[in-house]
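Below is one structure; the comments refer to it alone.
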Amino acid sequence: MPNPELLVKLSGWAEIGIAIALCIPYFRNLAIWLLIAMLAIFLWVHFYMLSSKKAGAGVPQWILILRIPLQFVLMYWAFTYVTA
């Protein structure tokens, strides 16, 4: 992945921004959809980490595999809070 340190910092700032937006009722639905999108993008990272031992950073493979279905559970959980 290109410039992983920058990507980690940007994703951290995005997480903080989404967390703040979740606390503001006017922005809550938008924040939930952004959270779902971010979780979907992170799926790519999880598959990338499964691609080689170096990318996996020493994390046991069973944990790397378990994170993939967990992402879908988290996306569904966030979706249940979307209001019409």
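The values are calculated or read from the model by the stated rules, or taken from the named source; none is laboratory data. These numbers were taken from a predicted model, which means no experiment stands behind them. Neighbour counts are summed over all protein chains in view; Cβ atoms, including those assigned to glycine, are modelled from backbone coordinates with ideal geometry.
Conditions (1) over 20 Å from residue 77 (Cβ atoms); (2) surrounded by 11 or more Cβ atoms within 10 Å (Cβ to Cβ), marked per residue:
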{"position": "12", "(1), (2)": "yes, no"}
{"position": "32", "(1), (2)": "no, yes"}
{"position": "37", "(1), (2)": "no, yes"}
{"position": "50", "(1), (2)": "yes, yes"}
Practice task
Mind listing whichever residues of the stretch 41-56 are closer than 21 Å to residue 12 by Cβ and either under 11 Å from the mean Cα position of the chain (by Cα) or not in a helix (DSSP H, G or I) (or both)?
Solution key: 41, 42, 43, 44, 45, 46
Exercise for the section: Give the residue, chosen from 24, 36, 18, 32, that is β-branched (Val, Ile, Thr) and without any contact (Cβ under 8 Å) to a residue 12 or more places away in the chain. Expected result: 24
Handout entry: Residue match in the stretch 43-58 (condition: modelled with pLDDT of 95 or more and of a type in the set (Val, Ile, Thr))
Key = no
Handout entry: Residue count, the stretch 69-84 (criterion: in contact (Cβ under 8 Å) with a residue 24 or more places away in the chain, in a helix (DSSP H, G or I) and exposed (fewer than 13 other Cβ atoms within 10 Å of the Cβ))
Key = 1
Exercise for the section: Please tell me if residue 59 is outside any helix (DSSP H, G or I), surrounded by 11 or more Cβ atoms within 10 Å (Cβ to Cβ) and in contact (Cβ under 8 Å) with a residue 24 or more places away in the chain. Expected result: no
Exercise for the section: Test residue 1 against the criterion of being exposed (fewer than 12 other Cβ atoms within 10 Å of the Cβ), modelled with pLDDT under 95 and touching a Leu at 6+ places or on another chain (Cβ under 7 Å), and give yes or no. Expected result: yes
